[in-house]
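The values are calculated or read from the model by the stated rules, or taken from the named source; none is laboratory data. All of these numbers come straight from a predicted model, not from anything done at the bench. Cβ atoms come from the backbone with ideal geometry, glycine included; neighbour counts cover every protein chain shown.
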Amino acid sequence: MGFRSFLHRLTAPAPKGTSPNGPCKMICVVNHELKMGKGKVAAQVGHAAVMATMNAGSHTPFLLDYWLSTGQKKVCVKGTDAEHLLALEQMAKQAGIQTTLVHDAGHTQIPSGSLTVLALGPDADDRLESITGELKLL
């Protein structure tokens with residue numbers, strides 16, 4: 001831990017909210033319709049994980065702290081297409097789960113603006129499973 005991180009931990013206000021009782025994770029739903037290469041998928045999932053982590057720091061810091069302290073579990077699953085990802089996003093929002101969408105810049109394999117990944121969480125496993133439990137692992 002760096003000196004600035006140490007000082008921040010000492011001086012930052014305590015996160016507000018309730019941590020989950022059980023395991024916590026982040027789920028990345030990859031748009032399988034785009035047929036992205038392995039490297040492209042890895043880059044897009046990396047973008048999703050970073051963006052979702054930063055969003056959690058702003059909106060659900062208590063969940064972020066819990067997730068960081070329990071190993072930062074991440075699971076990647078297949079989504080059918082952009083419409084499927086957007087439908088999952090709406091379900092998650094209705095359940096109060098943080099969502100993050102990643103759109104590609106279009107510099108390499110796929111058209112600019114394509115919806116590549118939906119990140120859900122970090123949140124409690126059971127809450128995320130109710131939305132993505134039927135999806136196949138990537």
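Figures for the structure shown
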item: Cross-chain or 6+ apart pairs with Cβ under 9 Å, segment 112-138 first and within 12 Å of MET91 (Cβ to Cβ), then β-branched (Val, Ile, Thr) and part of a helix (DSSP H, G or I); result: LEU120/ILE131; LEU120/THR132
item: Residue tally, condition over 13 Å from THR116 (Cβ atoms), surrounded by fewer than 17 Cβ atoms within 10 Å (Cβ to Cβ) and of a type in the set (A, V, I, L, M), over segment 38-54; result: 2
item: Every residue from segment 36-54 that is in a loop (DSSP other than H, G, I, E, B) and touching a strand residue (DSSP E or B) at 6+ places or on another chain (Cβ under 8 Å); result: MET36
item: Residue ID - surrounded by the fewest Cβ atoms within 10 Å (Cβ to Cβ), chosen from residues in segment 9-34 that are modelled with pLDDT of 95 or more and more than 18 Å from the chain's Cα centre (by Cα); result: GLU33
item: Residue within segment 70-88 that is modelled with pLDDT under 95, farther than 11 Å from ASP123 by Cα and more than 12 Å from the chain's Cα centre (by Cα) present; result: yes
item: Which numbered condition LEU101 fails, given (1) closer than 11 Å to VAL29 by Cβ; (2) touching a residue at least 60 places away in the same chain (Cβ under 8 Å); result: (2)
item: Any strands (runs of 3 or more DSSP E) falling wholly within segment 55-138 and containing at least 2 residues that are touching a Cys at 6+ places or on another chain (Cβ under 7 Å) and buried (at least 20 other Cβ atoms within 10 Å of the Cβ); result: 115-124
item: Residue check, THR108 modelled with pLDDT of 95 or more and out of contact with any His (no Cβ under 6 Å at 6 or more places or on another chain); result: no
